[in-house]
Amino acid sequence: MDLNRILLERFGYESFRPGQEEVIRHLLDKRDTIAILPTGMGKSLCYQLPGSVLEGSVLIISPLVSLMEDQAMRMRQNGEKRVVALNSFLPYSERQRIMGQLQNYKFIFISPEMLSQEAFSRKLNRIRLSLVVIDEAHCISQWGFDFRPDYLRIGDFLKLKGRPPLLALTATADEKVLNDIQHYFKMEKPIVQRHSLDRPNISYSIVEVHSSQEKTAWIKERVAQTVGPGIIYASSRKRADELAIELQLEGIAVQSYHAGKEQDDRSIIQEQFLMGDLEWICATNAFGMGVHKDDIRQVIHDHLPPTIAAYIQEVGRAGRDGQPAAASLLYMPTDEQTSSFIIQSDMPREEEIRHYHRMIGEGHSPGSASELASLTETGKRVLDYYMEHYSLEEILLKFHRLSTEKNEQLRQMVQLVTGGLCIRQRALSYFGEMGGTKPVECCSICGLETVKWLYEKSIKPSAAEKFSWDERITNLLG
Amino acid sequence: MNLSSILLFVISKMNGQRTLNAGLHLLRGKKSGQTLTDVEYFNVKPFFAILPKLEESTYSQAIDELLDSGLIIQDEKFIKLTEEGSKRVEELPEFHFRGWDYRGREMIFFGRIALLVQTLSFLREGEFSFNPIQKDRDIQIFVKRLLERQPLTDPGFAKRIGDELKMALLKSGMSEIQKYIFACRLTGSTATAKTWDQLAAELGGGTDALRLQFIECLHRLLPIVEDSDEFPFLGKVAFGIKVNSYLTDSAMHTKRLFDQGHSMASIATIRKLKMSTIEDHVIEMAMNDKRFPVTHFVSEELIQAVVSKSQELGTKRLKLLKDEFDTLSYFELRLIMTACKEVDN
Ligand SMILES: Nc1ncnc2c1ncn2[C@@H]1O[C@H](COP(=O)(O)OP(=O)(O)OP(=O)(O)O)[C@@H](O)[C@H]1O
Ligand SMILES: [Zn+2]
């Protein structure tokens, strides 16, 4: 099959990005495939292209409702109208309507809990599926806090005889997670297609300081002198707000973004950033998923991310257009403690686990019991699943291991920052990759002398024209 | 207008007869018997549920401001106006909230408008791809249905909607600043909305005060466009926003059983609810139905006696009335005070 022609004619792309063609070929050969591709590399094409040439519908299982709606929407925007996103938040009548004509959709996005709805799975069994895709497949792994017990039900569903090939997509996966994916999704001799996580156009710098005042000062100076658009990641809402205010005082077009802001304002800030009204965003890790802005030039970390994977993912939001981009991480020795504290406060402690276990045993509802045991939402989700399957002692052991694991991941992150070795190569080796060629602008360890582009700041005229209320409406609607 | 000024007004209505938290419950729209009764007793329906997510700390702060500036005092547990406070109440601007009718749902109305305007703004430019500014699925589906079979890409259509919107804003009688806030919360292909922080920086004042302005602005706009021939399209956008049954769902259920002839005790058994909950429902029913048969519960003479005593003492405080009518339960007293509000006005 001439895949390049199909790529051009149906999708308008000249050539495949690395990894895409291989994945597509495996699927057309009806092989189960695990694809590990960095975010933004075009994962969706890996199922869209096969979907459009094979007969039948593609089922895509996605863990986050917002993410899947975003994806379905982007497909519609790109001209594929036979797309639908089904989840249990849809009003009943809407769901019925969609189910009635399920076979007419080429791409069906669902959240995993839909599979446990009798009516839906019956319907699904009657239509022809050409491919089943599991997005963010690492959510199956009990080792991560992304763990979604709902994903385990996918395994049951996939027991079907003569099922279509399975594509598991993920951006991060170490050996352990890879094994879980294979095992729980009952994949048959899957082919693992890995693509390097290296992003040669991104340069990495570590900046050592001694206090958070010094961090603030560095950021102020940096933002004043270098190009945007950029994202500054902070560890807390409070710090994100604080930095935004400091920068606003310098006349920078910047806003903070975090889960403490009302939903409408969050959408507005995102839109302003996309449209270029804002040059910088000071955010917690709540910002980024589903944000598709290609020309982000800088990502600055004001804190130490909990894992190398999280760090690489956040940094990876820069330079999607392929142009040079810079990642800077500000580090002071007490950061390790701060991050460790944040990580551990998200984990249920032994007393809390025992307390919760006892209360469930005494017949309290999970909701009130988790509140009484002061569990976080993630903590509760994982704990609930464990309690269905394991004894209390086993659970405690598992959490103990999980906690050790988290500390180990943080330690590796600290190593990356303080180890004095090439940051790029160390990060890649964490994912089991051997370093290839280093770009000229590699990292602060290898030396960064030539980053001229960073300082080529054009002065934007401030478009602070003020409109009256009716002029504004006329502007929008004519 | 800010939270303190609204509270000052509310306190002037409940003068000396309610504790600190009554105002909080009112503004949050708590659906408990006590709050619902208060709403009726004290004529504060417009303020019911105008701030469903009001934080306790924000509320206390506003109360402290009033206490510190000597406009109110706390007398035992009750809050009342000082002389200075009473004077200040006279100077307050007129409020135009309609909380009882909308109960926070005005935000759904605005969400629909925002998405509608954004959609038309992009389509009139021939741009079919944009990020919906409203993430709420129900709002997205509503707008999608609304726009089915409309001439979406016709710039004339967008302009007609724009003109309708401008007309309605003008006719609503809202202030200039409110119209400006409204327009600044709209997003489209040529301009993006401003956040509350940005508006506060531009206009001065706090974000909370601006939000209140915005809520009042929507409460003024809605009645203008509801069922109006003049604003056919906006009328559709407002569909289902106004509360159509003033009873809570649970009270509705109780009412059905009551209408079938069940006693309160029997309703409590059938519904496996506490008697006090059923009592709250009955109060709610009485409040929303002028012809509610109060005499099912208390005799006509007693009703008259309680009402005249309340007038004589100049109080609606149940505790004081209970001292006078020891044979009546608190529930019966509340029922009388609720049902006979007319008499007292
Ligand atoms: N072969 C290609 N050539 C050029 N552009 C491509 C190609 N494949 C995909 N793209 C573009 O790359 C962008 C990212 O693709 P996609 O949305 O599939 O990313 P993703 O890997 O799913 O990212 P995320 O993990 O952030 O959702 C899209 O704008 C898409 O149009
Ligand atoms: Zn290097």
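A few comments on the model shown:
- Calculated FRET value between residue B:69 and residue B:313, using beta carbons and R₀ = 35 Å, to 0.05: 0.65
- Normalised by 2.2 N^0.38 Å, with N the number of residues, the alpha-carbon radius of gyration of the range A:297-366 equals 1.73.
- Comparing B:281, B:296, B:219 in a Gaussian network model of chain B, where Cα atoms under 10 Å apart are tied by springs, the biggest mean-square fluctuation is seen for B:296.
- For chain B, the relative contact order is 18 percent, taking Cα pairs closer than 8 Å that sit 6 or more residues apart in sequence and dividing their mean separation by the residue count.
- Alpha-carbon Debye profile of the range B:88-208, log10 I(q)/I(0) at 0.10 Å⁻¹: -0.38
- Virtual paramagnetic centre 7 Å along Cα→Cβ of residue B:90, amide N under 20 Å, in the range B:1-27: B:5-16
- Amide proton proximity set for residue A:329, modelled H, under 5 Å, gap of 5+: A:205, A:206, A:207, A:301
- Pairwise FRET efficiency - residue A:10 versus residue B:176, Cβ, R0 = 51 Å, nearest 0.05: 0.45
- For chain A, the C-alpha radius of gyration sits at 1.04 times the compact-globule guess of 2.2 N^0.38 Å, with N the residue count.
- Taking the longest Cα principal axis of chain B as reference, the axis of helix B:300-313 is set at about 80 degrees.
- Cα-Cα over 32 Å, subset of B:30/B:290; A:106/A:380; A:398/B:272; B:31/B:135: A:106/A:380; A:398/B:272
- Between residue A:456 and residue A:434, residue separation times 0.36 nm minus the direct Cα-Cα distance comes to 4.5 nm.
- Put simply, the amide H of residue A:129, placed in the peptide plane, has neighbours under 5 Å in A:57, leaving out anything fewer than 5 places away on its chain.
- Estimated vicinal HN-Hα couplings, Hz - the range A:330-336 in sequence order (Karplus 6.51, -1.76, 1.60; Gly, Pro = x): 8, 10, 10, x, 6, 4, 4
- Nearest-10 value in Å² for the accessible area of residue B:246, using the 1.4 Å probe: 70 Å²
- Rounded FRET efficiency, nearest 0.05, which uses the C-beta distance separating residue B:53 from residue B:76 and R0 of 22 Å: 0.15
- Converting phi to 3J(HN,Hα) with the Karplus coefficients 6.51, -1.76 and 1.60 and the offset θ = phi - 60°, the range B:138-154 yields 4, 5, 4, 5, 4, 5, 4, 4, 4, 8, 4, 6, 9, x, 4, 8, 6 Hz in sequence order, with x at every glycine or proline.
- Put simply, the C-alpha atoms of the range A:3-194 give a gyration tensor, and the ellipsoid matching it has half-axes of 23, 22, 16 Å, longest first.
- Considering only B:287, B:14, B:264, the mean-square fluctuation computed in a Gaussian network model of chain B, springs between alpha carbons under 10 angstrom, is largest for B:264.
- Percent RCO, i.e. relative contact order, over chain A, from Cα pairs under 8 Å lying at least 6 residues apart: 15 percent
- Treating each Cα of chain B as one equal point scatterer and applying the Debye formula with no solvent, the log10 of I(q)/I(0) at q = 0.09, 0.11, 0.12, 0.14 Å⁻¹ comes out as -0.61, -0.86, -0.97, -1.17.
- A compact globular protein would have a Cα radius of gyration near 2.2 N^0.38 Å; the ratio found for the protein assembly as shown is 1.09.
- Of B:327, B:254, B:58, the one that fluctuates the most in a GNM where chain B has Cα springs shorter than 10 Å: B:327
- For the range A:280-290, 3J(HN,Hα) per residue [Karplus equation, 6.51 cos²θ - 1.76 cosθ + 1.60, θ = phi - 60°, Hz, x = Gly/Pro]: 10, 10, 9, 9, 8, 5, 5, 9, x, 4, x
- Taking label positions 7 Å along the Cα-Cβ direction at both residue A:263 and residue A:221, the computed distance is 4.3 nm, reported to one decimal.
- For the range A:234-307, the gyration tensor built on C-alpha atoms gives a rounded shape. Its axis ratio a/c (a ≥ b ≥ c) stays under 1.5.
- Pairs beyond 31 Å (Cα-Cα), from A:176/A:220; A:261/B:242; B:53/B:159; B:274/B:322; A:457/B:179; B:53/B:144: A:176/A:220; B:53/B:159; A:457/B:179
- Under 5 Å, built H, 5+ apart or other chain: amide partners of residue A:61: A:110, A:133, A:134, A:135
The values are calculated or read from the model by the stated rules, or taken from the named source; none is laboratory data. These figures come from a predicted structure and were not determined experimentally. Quick reminder, even Gly has a Cβ in these numbers, built from the backbone with ideal geometry, and neighbours come from all protein chains shown. Side chains are part of the model used for accessible areas, which takes the heavy atoms of the whole protein and leaves out ligands, DNA and RNA. Shrake-Rupley method; radii C 1.70, N 1.55, O 1.52, S 1.80 Å.
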